[in-house]
1. Straight-line reach only, C-alpha to C-alpha below 17 angstrom: list the aspartates and glutamates that Lys65 could link to, leaving out same-chain residues fewer than 8 apart.
2. Might you tell me the accessible area per residue for segment 81-219, computed with a 1.4 Å probe and given in Å²?
3. Between Ile91 and Lys108, what is the spin-label point distance in nm, taking each point 7 Å from the Cα along the Cα→C-beta axis?
4. First select every other residue whose beta carbon is under 15 angstrom from the beta carbon of Gln28; then total the charges, Lys and Arg +1, Asp and Glu -1.
5. For the full complex of protein chains and a 1.4 angstrom probe, list Asp174, Asp155, Asp144 by accessible area with the highest value first.
6. Charges at C-beta only: +1 for Lys and Arg, -1 for Asp and Glu. How large is the resulting dipole of the chain about its Cα centre, in Debye rounded to 20?
7. Going through the cross-link list Lys170/Lys207; Lys72/Lys98; Lys121/Lys164; Lys75/Lys207, which pairs have a Cα-Cα distance over 18 Å in this structure?
8. Got a number for the accessible area of Asp189? Probe 1.4 Å, square angstrom, nearest 10.
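The values are calculated or read from the model by the stated rules, or taken from the named source; none is laboratory data. Keep in mind that what you see is a predicted model, and the values were worked out from it rather than measured. Please note: Cβ atoms are built from the backbone with ideal geometry, for glycine as well, and neighbour counts cover all protein chains shown. These area figures cover heavy atoms from the full protein model, side chains too; ligands, DNA and RNA do not enter into them. Shrake-Rupley method; radii C 1.70, N 1.55, O 1.52, S 1.80 Å.
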Amino acid sequence: MTFQQLMDCYYLSDVDCNQKVYSMLLEQIKKHNVTPVIGAGLSFWAYPGWGRLLTEAATPYGEQKAVQDLLKQNKYDDAAEYLEKVIGARIWAEILNKNFHPAIIKEKRNSRPYFQQSIPKVFQGTILTTNFDRAIEDLYGALDVVDPSDIFQSDILKRAQHQKTPLLVKLHGDINDPANMVLTTSKYDFFYGSDRSHPDMNKPLPKFLKETLGHNPLL
């Protein structure tokens, strides 16, 4: 399917078509009014997927079946929690650091998909990510970063939202700070609250997300 054929497809009615929605989105992006939310797809070329990593990490300890059973239920955070308890927090942190070390990005930089080079040109304000690797930092070269250890209250954050300066908000933490990485069930509960359907809006992370959602549309 060509790009124009895709744009000609109607998904709601004869009035609301892909071309109209795309044009509206493009207009907002040009005004720097769209906040991108970047996930693991941006760094798939450099790092292993979660299913593979958890399974391989569990195998030497004879926990492969237990972890795979949780993964089949799409309980990735429970699998990470289980594995961390079985092998210990220190070894778990070492496994994560080995697989997501910042040096890996530099070693595999030539494998980065070419289209990603356009991202810094398109998005120059606040960027949200659940990734804790350094793929985005490497892509931009220079930008301010805030994460859970900052409790999302940094003056840099407020300045970036208003001045449209590059700022990376690492919602789930950074590889060099295992204590504040949101990866296991207990960490999700700590940062979001135990009720996944109704996040605790008194906690810094949900409060920040609410403010961000009200500031710009997310993509």
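1. Cross-link targets: Glu56, Asp77, Asp78, Glu81, Glu84.
2. Heavy-atom SASA per residue in segment 81-219 reads 54 Å².
3. Those two pseudo-labels are separated by 2.4 nm.
4. For residues surrounding Gln28, the net value is +3.
5. Asp155, Asp144, Asp174
6. Magnitude of the dipole: close to 440 debye.
7. Long pairs (Cα-Cα over 18 Å): Lys72/Lys98; Lys75/Lys207.
8. That residue has around 50 Å² of solvent-accessible surface.
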